[in-house]
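Have a look at the structure below, then the notes.
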Amino acid sequence: MDDDDKNQQAQRLIEEMTRITWLKSRNFDSDDVNKPRARFPCDTAVHVAVFEANLDMLEYLHKRGASMQATNALGFTPLQNASGSVTPAIIAWVSERSFADPL
């Protein structure tokens, strides 16, 4: 393994640890990306990433199998959360995946 490969591998590990830290700091289980938080309104990590307009985390969560159809305790999906509070780019990203994901 040459130095470029080692640097790329190190960068991927740093990115993964950053994402796990994001999940843990918001009281999510990093092993189950669909498990909602215990506290009301019981959002999933996708709901929070949408609210924070964090596209990097949305892409990461989606790759790990996070549902774009999950509802919180108020019955809102991530798309419904997105429609009132974030950038058009986030709304478009969530919208595309919401309708592509099976219910």
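Mean separation of Cα pairs under 8 Å and 6 or more residues apart, divided by the residue count, gives the chain a relative contact order of 20 percent.
With the charge dipole of the chain set up from +1 on Lys and Arg Cβ and -1 on Asp and Glu Cβ about the Cα centre, the Cα lying farthest toward the positive end among the listed residues Val46, Gly65, Met1 is that of Val46.
At 222 nm, what helix-only mean residue ellipticity would the chain give, in deg cm²/dmol to the nearest 500, using -39500 (n - 2.57) for each DSSP H run of four or more? Mind showing how you got there, number by number?
Working: 5 runs with 60 residues, N = 103.
Here the helix-only value at 222 nm equals -18000 deg cm²/dmol.
Expressed as a fraction of 2.2 N^0.38 Å, the C-alpha radius of gyration for the chain is 1.16. Could you calculate the FRET efficiency of Ala10 with Thr87 from 1/(1 + (r/R0)^6), where r is the beta carbon distance between them and R0 is 30 Å, rounded to 0.05? According to the calculation, E is roughly 0.45. The length gained on full extension between Met1 and Leu74, counted as 0.36 nm times the residue separation minus their Cα-Cα distance, comes to 21.2 nm. For the chain, a simple Cβ point-charge model (Lys and Arg +1, Asp and Glu -1, everything else neutral) yields a dipole of about 540 debye relative to the Cα centre. Placing unit charges on the Cβ atoms only, positive for Lys and Arg and negative for Asp and Glu, gives the range 49-103 a dipole magnitude near 100 debye about its Cα centre.
Where a number appears in this text, it was derived from the coordinates with a stated rule and is not lab data. Everything numeric here is computed off the predicted structure, so don't read it as measured data. For neighbour counting, all protein chains shown are included, and Cβ atoms are generated from backbone atoms with ideal geometry for every residue, glycine included.
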